[in-house]
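Taken together, the values in this text are just the output of simple stated rules run on the coordinates, not laboratory data. Small disclaimer: the values here were computed from a predicted structure and weren't measured. Ideal geometry is used to build each Cβ from the backbone, glycine not excepted, and the neighbour counts take in all protein chains shown.
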Amino acid sequence: MDQLHYIIKNALGRYRHQQAGTALGFFWNFIKPLLQIFIYSIVFSFLLDKSSQTAVNRILQLITGILPWSTFATALNKGAGTLDEFKSLLRQKRISPAILVAINTLQSYFDMLIFFGLVYVFLPIMGIELGGASLLIPLFGLLFLFMSYGFSIALAELNILFPDIKEILGFVLQMLFWLSPVLYDASTIPPNWIWLFRFNPTFYFLTSIRGAYLKNQFPATLDWFIMLLWVCISMITGVIVMKKIHNDVLDDL
């Protein structure tokens, strides 16, 4: 419990002060996603599509895809740089890298909750009636970031010994972006290619979030199982890498 309190306290403190020094301060955490929603609305309503209903559908697909994806990608990138960021703290005391990564990941979850809250407000304005499935969306987001957390532990350790890791991660995220239902709906994927997309760990999380928002759709039992399986795989990967190389990482700091 002491460790959980330490994680929450530090994550909240860092989150409140991450925009310190700017005129609007903490409110930037709300303004940024609002600006993203506004830009997508303008582009797809007036510039790219003449059909108002098609434009609305495209806006809704983008919002429910890009906002959770961007939070996930940010969490992985921040997680990979965690030990580099906290080098001085690691030198002073033997604190588990899992705790430090958890602080950064929890900050990303705060961002995700703000995104979800804004979408809850935005969808009814666009004529979408939210159903019971939408209540599970924060849980989907939590599982999504738990998966990023496990992989981030491994990436943070590896990044100290192999500084090219963050460059490789950028390439992998670009590839996953196009293999994820972010800019398009999963229903548009050709049937003979869907098997490839299902190997993408982000696929089930993103389709569950979008389905709950736009279709009041609960994930199938198999989808729940695969999401939980990816969370377990990521956690096991993080623990194994940490145990194998953490002493070498401390020597290299």
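Work out the FRET efficiency for residue 196 and residue 74 from their Cβ-Cβ distance, taking R0 = 25 Å, and round it to the nearest 0.05. Step by step, r from the Cβ atoms, then E = 0.50.
Among 126, 242, sorting on how many other beta-carbon atoms sit within 10 Å of each Cβ, with the fewest leading, yields 126, 242.
Structure remark: mean-square fluctuation, Gaussian network model of the chain, C-alpha springs under 10 Å; the largest value among 127, 65, 170 belongs to 127. Here is the tail figure for the chain: Cα pairs spaced more than 24 Å apart come to 51 percent of all pairs. Between the Cα long axis of helix 221-252 and the first principal axis of the chain there is an angle of about 30°, rounded to the nearest 10. Once you reduce the stretch 184-253 and the stretch 88-118 to the center of their Cα atoms, the two points are 20 Å from each other. In a Gaussian network model over the chain where Cα atoms closer than 10 Å are linked, find which of 231, 119, 239 has the largest mean-square fluctuation. Taking springs between Cα atoms under 10 Å, the residue moving most is 239.
Mind checking which of 134, 249, 188 is farthest towards the positive end of the chain's charge dipole, using Cβ charges of +1 (Lys, Arg) and -1 (Asp, Glu) about the Cα centre? The one lying farthest along the dipole's positive direction is 134.
Note on residue 130 and residue 166: with the Förster distance fixed at 35 Å, the Cβ-Cβ geometry gives a FRET efficiency of about 0.40.
Each of residue 88 and residue 35 was given a label point 7 Å from its Cα along the Cα-to-Cβ line. The distance between the two points is 2.9 nm.
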